[in-house]
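Enquirer: One structure is given below, represented as structure tokens, and several questions about it will come after.
The values are calculated or read from the model by the stated rules, or taken from the named source; none is laboratory data. Everything numeric in this text was worked out from a predicted model, so none of it was measured. Here the Cβ positions follow ideal geometry from the backbone for every residue, glycine too, while neighbour counts run over all protein chains shown.
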Amino acid sequence: MQAYIARRLIAVPFMLFGMSLLLFWLLFLRPGNAALTGFGLVSPDQNAQAIASLEEEFGLDRPFFVQYGDWAWNALQGDFGISLKNRRPVTPEIRSRLPVTAELGLLTVLLTALIGIPVGIISAIRPGTFLDGFLRIVTISGISVPNFWVATLVITLPAIWWAWTPLWEYVRFEDDPLGNLKIVIWPAITLAIATAAYVARIVRSSMLETLYSDYVRTARAKGLRERAVVLRHVFRSSMIAVITVIGIQLGAVLGGSVIAEQIFGIPGLGLLVFESVVSIDYTVALAAIMVFAFMFTIVNLAVDVIYTFADPRIRY
Amino acid sequence: MRESYWGRYWKRRRSRRGFLIGGAALAAGSAGLIAVGCGDDDDDDAEPAATATAAATAAPTEAPTEAPAGGAAPGGTFRQSKTQVDDGIDPGLKVINNNEILARIYNHTHLYKVSTNEFLFDAATAMEQPDNLTIVFPMRPGMTFHHDGGAVTAEDVASTWSRFPALLADQGSQVNEANWGFMDTIAAVDESTAQVTLKAPAASAPVLMASTAFGIVSRALLEQQANGNVQELDAGAGPYVIEQRDSAGVALARYPDYYRHENPSTHFVEGDPYIDRHETRIIVDRAAVKAAFFAGDIDYIPAIADRIEFEEFTGDDRFVAKEVASTEARFLAYDNIKFTDRRAREAVSLAIDYDAMIATLYAGDGVYDGPVGQALPGFALDQETLKSYRTFDPQKARQLWEASGTEVDHIRIETSIDPRGSTLAEFLARQMEENLGVTAEPLIHDVTTYVARAREPIKQWELFVVPYNASTTPEIYNMTMMNPDAFAGVSWSFGVDQPDASLVANAQKLIDLTAAQAQEVDPAVRLEKMREMQLFALDELVPGINLPVPGHSWVVYNARVGNFPEDDVLLGGLLNRTHDMFIKG
Amino acid sequence: MSESEAAAALSAAAVRPPERRFAGVLRFVRQQRLGTIGAVLIILMVFGAVAAPVLRTSDPEGFGVTPILEGPSASHFFGTNREGRDVWSRVLYGGRVSLKIGLATVIVAALGGTALALIAGYLGGPVDFAFGRVADVLIAFPSILFALTLHASLRDELPNLGVVLAAEEFLLVVAICIVFTPVIFRIMRGNVLEQRAAVYVESARVIGASETRIMWRHIFPNLVGLLLIVMSTTLPAAILTESALSFLGVGVEQGTPSWGADLSGSNRTYFVRAPWIAIFPGLALSVTVLAFNLFGDALRDTLDPRLRGQR
């Protein structure tokens, strides 16, 4: 098992290397625009000269691999360079926005677990009942509704009906935790609808599988009460599947943050990614997406490790 | 300034409408302008200033201090939103998304209040023009900078304003030459007198100098910077200091040592300014901005799209909704190097159903526009004349198009995500397809890419749509789009460096005509010259078409705001003119 | 049960006439109520998209062809928008974009993913390793972000492909395919490996079948069921991704009816006044995705009984 974990750990840097190389290449498909992004706004006669000086400043005239190597070396030391657009250092910008998105992500995952798991259990222990059927329809609807539509309705309809909207002055968590939660809870709920529904479906199916397995039958046979059977045996083994799924759903949450932060006015990394990608502010885009990918990779690694610890049957 | 050109011009006017020349200020609006590359400052003007009286031509219509009952000092927190974080706050370098900061943390020699045609004096106590080439500013005593409490002197003014050429050449400034190119030298005669020498007589100079770009930066602080700018610093002496400025938004608090103005005006009030805090939140989504406004979470809703949206707010006592004179502008530029044949340019113009455009895009409320925008009615051509240039004739369009032998068979119409531009580009694409028999597509890009697209040497488009806002002088209004020395040269391939002879001739002619009117200080003669310039551009259809604009603009704010500058707001006045504004209750 | 009875039952089974043509469909309808509802909704949606030119009440891309911002009525079922376009007509045409891009994506990604899985699973060794690592890298990006980046960098590079898929649509397909192909590849590869170890492949190899033949004639047919299931679950995901990208403004050409795009841009200005322009495109999108999800569930239950009741 240690060998497996070690192998996974060793793979992480290679993954990040591959991802950054791919991204770097993608963003460099438009080198001309990258140069112009820095200043569409120079004066006419200084246009060519200014572009040349920008290319020199950012080293855009060097060969691809030299540029990449330079970027990667600095990135390894935590320096993501400066924004092409506003010349601000990228690292502090990322650092200030990361906690915002991380909070949104964690809250969403928490809500996902709090809603998804109980719904899945209720559905699984009464299979075929009206309640089960109802919850199945609810959950399948949950994974079908696009989050940007829900978010739109959440801000629009209450404003029409009650002159109320879940938008107030954004306050940072460290300044006013409760006030901050009041804001972040809405995008989190919006994002959690789909992920919770997904988790509920997984919980239900994996629990149904184990409910009729031999060892559960044994547990029942030895006279354990049903509640104990469900909680001690069935639920515990299903948790493994759930952990995996929640880990995977984090990717969806991170992607969803691009949309939710835009609509709910949350100053996080998702908004930064969107703005920098569409405007090819490539130093910012690269850094922000790499941070996302890094979080995602680490979470998946953690999930795999938990998985191996949690399920004694798995041996690598 | 006694009897400056502008003073004389404005005095002749009676209608209040004409004063309302708009500016962008609203993030979207300024983004549009910038777009084209010059980023001028449509957002400036009208800012905290002082005393007064110098230019006070019109009697104030509102009581200067409509303080709430009870005698308590008016104040409160004013909340608004913007769509993007600023790119920096050096007033000589950046004009996008930062107006609400620049206008408040910096002070200015003087400001221009559009609605009453006043120059309001702040850092200077007057503006003297001994001759047509000299402007002298006596400085107000007692002003101090935020960062160290040091005094503001004429030296600071001179060093701040002398930076423009270098900022443009070395740092890609967004403040282009149209804004300051008239200045030759700026000198401090003594500690309290700044003197500007002009290259040539410049009729618009006093108004141009009232823009945010002319905010006074501390020379001492500037000299400490390695990169020669104050992009991230509060280097001002204005009424507010930055309390918070990050990805969530901006909070400004009152600067306790802000200097008093000896003789309060409609603008600079006793104990000014009233508002205690200004908060600006970043909200990207338009539906969210509206929801926040409806819920009372923000006090002002910028960029009302049209009368239809405006009507949502009328008849609701929570809000004040007012229809004001139009401050909109729309430019359709050719990539002139692809349209060197006049017949091709005319074909495009004839293929546009201008009246259908007004009927659908503006819901029936629209007017024609010309090279000098309709928001300057004294200068602009009348609707009759403009209408004769805005005819719709698909048959003739098709004939001319074929006769011109143009190689263009696919028209790409580039614009930005600004909804005013994207729907328009879509409309125009459809018109081209239906009436010219070509294929056409609208290309919508984010603002940065769109700017880059405009400036690329080889254009990847045939037509370019720029939605923007009016400004206070012809030079930085529609003419910025058209002047080869401003945007047109690099952005619309309309410059004297182009390979086509007829194009170069046209560009040179327009440059000459533009300069001739700008240097003319006699209003009547200037008007003639301006007319000549306009008719030339209209006859030759260069370098593009001033499309019809909405007939009105709209201002909507929360009724809890007192003394809201509704007649100045679209010029950036709200963001600037904060001294006598307060929150009721 | 006596021996003779058992024999009778056996022989009865043996002589039972071949199932009628639609028996499978009928059984599906009987056993999979929700799946049937899904199927019916899909048929309706496809019908609406195909027959849009007939069903529409006005030109979905015209300007001012209907009164602006009117509520739902007998002549404009879903109301009208700011450009004076009938929302019902736009919803019908929007279905074309979503279904077209969804289908194109799924077919390309499924075939591509399966082909790569067969190659990787069968050749093994360095090829398998390389493919696997590339897939790891691609999967590690949150899909929307990756599609956004792809779109931004490829936008100017692609040719116009004419009538079937506009350039923007093609770009969407490419971007979404690159996101989904590695996911499908991973699932299929696992199954290829499983099949490769199966006895029948062993026997095929023993009688001297070539590797290529084994791959295409023996393993691939066994993957078809799984492939159908994967496609049915990928399709709704692809449609959601397409609409999210269109919503973010990197989708179809300005003005083209699209469920995602109709919820964004200048339409957002009027949501408060005219909620119907926010509700109906979103509803159409949700119902379509729901229908595919319901049908996909049922299909899985039917095709792969081992998975019955899961998900």
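Enquirer: Filter the range B:134-157 for residues that are free of Cβ contacts under 8 Å to residues at least 60 places away in the same chain and under 25 Å from residue B:202 (Cα atoms) and give the result.
Expert: B:137, B:138, B:139, B:154, B:157
Enquirer: Name the residue that is farthest from the other protein chains (Cβ to nearest Cβ), counting only residues in the range C:274-301 that are more than 29 Å from residue A:158 (Cβ to Cβ) and not small (Gly, Ala, Ser).
Expert: C:299
Enquirer: Something else: Does residue C:70 satisfy the condition of being buried (at least 21 other Cβ atoms within 10 Å of the Cβ), over 21 Å from residue C:165 (Cα atoms), free of Cβ contacts under 8 Å to residues at least 40 places away in the same chain and within 14 Å of chain B (Cβ to nearest Cβ)?
Expert: On the way: buried (at least 21 other Cβ atoms within 10 Å of the Cβ): no; over 21 Å from residue C:165 (Cα atoms): yes; free of Cβ contacts under 8 Å to residues at least 40 places away in the same chain: yes; within 14 Å of chain B (Cβ to nearest Cβ): yes.
So residue C:70 does not fit the description; no.
Enquirer: Select, from C:94, C:79, C:84, the only residue that is at positive phi, touching a Leu at 6+ places or on another chain (Cβ under 9 Å) and touching a residue at least 60 places away in the same chain (Cβ under 8 Å). Let's see the steps before the verdict.
Expert: Values: C:94 fails: at positive phi; C:84 fails: touching a residue at least 60 places away in the same chain (Cβ under 8 Å).
The conditions single out C:79.
Enquirer: Right, something else. Name the helices (runs of 4 or more DSSP H) wholly within the range B:462-538 that hold at least 3 residues that are more than 14 Å from chain A (Cβ to nearest Cβ) and over 15 Å from residue B:334 (Cα atoms)? Walk me through how you get there before you give the answer.
Expert: Numbers: elements: B:478-482, B:488-491, B:501-518.
So the answer is B:501-518.
Enquirer: Looking only at residues that are part of a loop (DSSP other than H, G, I, E, B) and of a type in the set (A, V, I, L, M, F, W, C) in the range B:394-422, which one is farthest from the chain's Cα centre (by Cα)? Can you show your working first?
Expert: Initial filter on the range B:394-422 (part of a loop (DSSP other than H, G, I, E, B)): B:404-409, B:417-418.
Still in the running and of a type in the set (A, V, I, L, M, F, W, C): B:408, B:417.
Working: B:408: 34, B:417: 19 Å.
Across the range B:394-422, the extreme among qualifying residues is B:408.
Enquirer: Scan the range B:495-510 residue by residue and report those that are in contact (Cβ under 8 Å) with a residue 12 or more places away in the chain, surrounded by fewer than 18 Cβ atoms within 10 Å (Cβ to Cβ) and either more than 21 Å from residue B:349 (Cβ to Cβ) or among the acidic types (Asp, Glu) (or both).
Expert: Taking the range B:495-510 and keeping what is in contact (Cβ under 8 Å) with a residue 12 or more places away in the chain, we get B:495-496, B:498-500, B:502-503, B:506-510.
Of the ones still in play, those that are also surrounded by fewer than 18 Cβ atoms within 10 Å (Cβ to Cβ) are B:496, B:499-500, B:502, B:508-509.
Result: B:496, B:499, B:500, B:508.
Enquirer: Mind listing just one residue for me: the one in the range A:69-90 that is away from chain B (no Cβ under 14 Å) and surrounded by 18 or more Cβ atoms within 10 Å (Cβ to Cβ) and, of those, farthest from residue A:258 (Cα to Cα)?
Expert: Within the range A:69-90, the first condition is being away from chain B (no Cβ under 14 Å), and the residues that meet it are A:69-81.
If we keep only those that are surrounded by 18 or more Cβ atoms within 10 Å (Cβ to Cβ) too, we end up with A:71, A:75, A:80-81.
Working: A:71: 25, A:75: 23, A:80: 21, A:81: 23 Å.
The qualifying residue farthest from residue A:258 (Cα to Cα) is A:71.
Enquirer: Sticking with this structure for a sec: Report, by residue number, each residue of the range C:104-149 that is among the small types (Gly, Ala, Ser) and within 14 Å of chain A (Cβ to nearest Cβ).
Expert: Passing the criteria: C:130, C:132, C:135, C:140, C:143, C:147.
Enquirer: Out of all the residues in the range A:197-224, which are within 14 Å of another protein chain (Cβ to nearest Cβ) and at pLDDT 80 or above?
Expert: Once the filter is applied, which keeps residues that are within 14 Å of another protein chain (Cβ to nearest Cβ) and at pLDDT 80 or above, the range A:197-224 yields A:197, A:198, A:199, A:200, A:201, A:202, A:203, A:204, A:205, A:206, A:207, A:208.
Enquirer: Just for the range C:150-173: of the residues that are more than 22 Å from the chain's Cα centre (by Cα) and at the interface with chain A (Cβ under 9 Å from one of its Cβ atoms), which one is modelled with the lowest pLDDT?
Expert: Only one residue fits best here, namely C:157.
Enquirer: Output the residue which, of all residues in the range B:171-183 that are touching a helix residue (DSSP H, G or I) at 6+ places or on another chain (Cβ under 8 Å) and assigned to a helix (DSSP H, G or I), is modelled with the highest pLDDT.
Expert: Within the range B:171-183, the subset touching a helix residue (DSSP H, G or I) at 6+ places or on another chain (Cβ under 8 Å) is B:172-180, B:182-183.
From the residues that got through so far, the ones that are assigned to a helix (DSSP H, G or I) too are B:177-180.
Working: B:177: 80, B:178: 81, B:179: 85, B:180: 89.
Here the residue is B:180.
Enquirer: To continue, here is another question. Scan the range B:314-325 for residues that are at pLDDT below 90 and either under 22 Å from residue B:469 (Cβ atoms) or touching a Ser or Thr at 6+ places or on another chain (Cβ under 7 Å) (or both) and jot them down.
Expert: Within the range B:314-325, B:324, B:325 qualify.
Enquirer: Out of the residues in the range A:91-109 that are surrounded by fewer than 19 Cβ atoms within 10 Å (Cβ to Cβ) and hydroxyl-bearing (Ser, Thr, Tyr), state the one that is farthest from residue A:258 (Cα to Cα).
Expert: Out of the qualifying residues, it is A:91.
Enquirer: Give me the pairs: first residue in the range A:165-194 and at the interface with chain B (Cβ under 10 Å from one of its Cβ atoms) and closer than 17 Å to residue A:98 by Cβ, second residue of a type in the set (D, E, K, R) and in a helix (DSSP H, G or I), beta-carbon distance under 9 Å, and six or more apart or on different chains, which are they?
Expert: Matching pairs, first to second residue: none at all.
Enquirer: Would you pick out the residues in the range A:287-302 that are more than 7 Å from every other protein chain (Cβ to nearest Cβ) and either touching a His at 6+ places or on another chain (Cβ under 6 Å) or surrounded by 24 or more Cβ atoms within 10 Å (Cβ to Cβ) (or both)? Before the answer, list the steps.
Expert: First pass over the range A:287-302, keeping only residues more than 7 Å from every other protein chain (Cβ to nearest Cβ): A:287-288, A:290-291, A:294-295, A:298-302.
Within the range A:287-302, A:287, A:288 qualify.
Enquirer: Still on this structure, I have one more. What's the number of the only condition in (1) modelled with pLDDT of 90 or more; (2) of a type in the set (A, V, I, L, M, F, W, C); (3) under 22 Å from the mean Cα position of the chain (by Cα) that residue B:451 fails to meet?
Expert: Unmet condition: (1).
Enquirer: If a residue has to be under 25 Å from residue B:525 (Cα atoms) and surrounded by fewer than 17 Cβ atoms within 10 Å (Cβ to Cβ) to count, how many in the range B:163-206 make the cut?
Expert: Number satisfying all stated conditions: 5.
Enquirer: Okay, next question. When you scan the range B:287-316, how many residues do you find that are acidic (Asp, Glu) and either touching a residue at least 40 places away in the same chain (Cβ under 8 Å) or crowded, with 24+ Cβ neighbours inside 10 Å (or both)?
Expert: Residues of the range B:287-316 that are acidic (Asp, Glu), as a first pass: B:297, B:299, B:306, B:309, B:311-312, B:316.
When the remaining residues are screened for being either touching a residue at least 40 places away in the same chain (Cβ under 8 Å) or crowded, with 24+ Cβ neighbours inside 10 Å (or both), the result is B:297, B:299, B:306, B:309.
Final tally of qualifying residues: 4.
Enquirer: Let me ask you something else. Tell me, yes or no, whether the range A:122-132 has at least one residue that is under 26 Å from the mean Cα position of the chain (by Cα), modelled with pLDDT under 90 and within 14 Å of chain C (Cβ to nearest Cβ). Write out each step before concluding.
Expert: In the first step, residues of the range A:122-132 are kept if they are under 26 Å from the mean Cα position of the chain (by Cα); the result is none.
The answer is no; no qualifying residue exists.
Enquirer: Would you be able to say whether some residue in the range A:225-242 is facing chain C (nearest Cβ under 9 Å), of a type outside the set (Val, Ile, Thr) and surrounded by 19 or more Cβ atoms within 10 Å (Cβ to Cβ)? Working first, answer last.
Expert: To start, the set of residues in the range A:225-242 that are facing chain C (nearest Cβ under 9 Å) comprises none.
No, that holds for no residue.
Enquirer: Would a scan of the range C:249-260 turn up a residue that is crowded, with 22+ Cβ neighbours inside 10 Å, in contact with a His (Cβ under 7 Å, 6 or more places away or on another chain) and aliphatic (A, V, I, L, M)?
Expert: Checked against the condition, which is being crowded, with 22+ Cβ neighbours inside 10 Å, in contact with a His (Cβ under 7 Å, 6 or more places away or on another chain) and aliphatic (A, V, I, L, M), the range C:249-260 yields at least one hit.
Enquirer: Right, something else. Take the range C:43-60 and flag every residue that is buried (at least 18 other Cβ atoms within 10 Å of the Cβ) and out of contact with any Lys or Arg (no Cβ under 7 Å at 6 or more places or on another chain).
Expert: Restricting attention to the range C:43-60, the residues satisfying the condition of being buried (at least 18 other Cβ atoms within 10 Å of the Cβ) are C:45, C:48-49, C:52, C:56, C:60.
Passing the criteria: C:45, C:48, C:56.
Enquirer: Right, here's the next one. Quick check on this structure: which one of B:384, B:328 is without any contact (Cβ under 8 Å) to a residue 40 or more places away in the chain and under 24 Å from residue B:474 (Cβ atoms)?
Expert: Working: B:328 fails: without any contact (Cβ under 8 Å) to a residue 40 or more places away in the chain.
Matching residue, one of B:384, B:328: B:384.
Enquirer: Also: Among the numbered criteria (1) within 21 Å of residue B:79 (Cβ to Cβ); (2) over 23 Å from the mean Cα position of the chain (by Cα); (3) within 12 Å of chain A (Cβ to nearest Cβ), which one does residue B:241 miss?
Expert: Checking residue B:241 against (1) within 21 Å of residue B:79 (Cβ to Cβ); (2) over 23 Å from the mean Cα position of the chain (by Cα); (3) within 12 Å of chain A (Cβ to nearest Cβ), the one that fails is (3).
Enquirer: Which of the residues belonging to the range A:110-150 are in contact with a Lys or Arg (Cβ under 6 Å, 6 or more places away or on another chain) and crowded, with 20+ Cβ neighbours inside 10 Å? Steps first, please.
Expert: Taking the range A:110-150 first, the residues in contact with a Lys or Arg (Cβ under 6 Å, 6 or more places away or on another chain) are A:120, A:123-124, A:132, A:139.
Passing the criteria: A:120, A:123, A:124, A:139.
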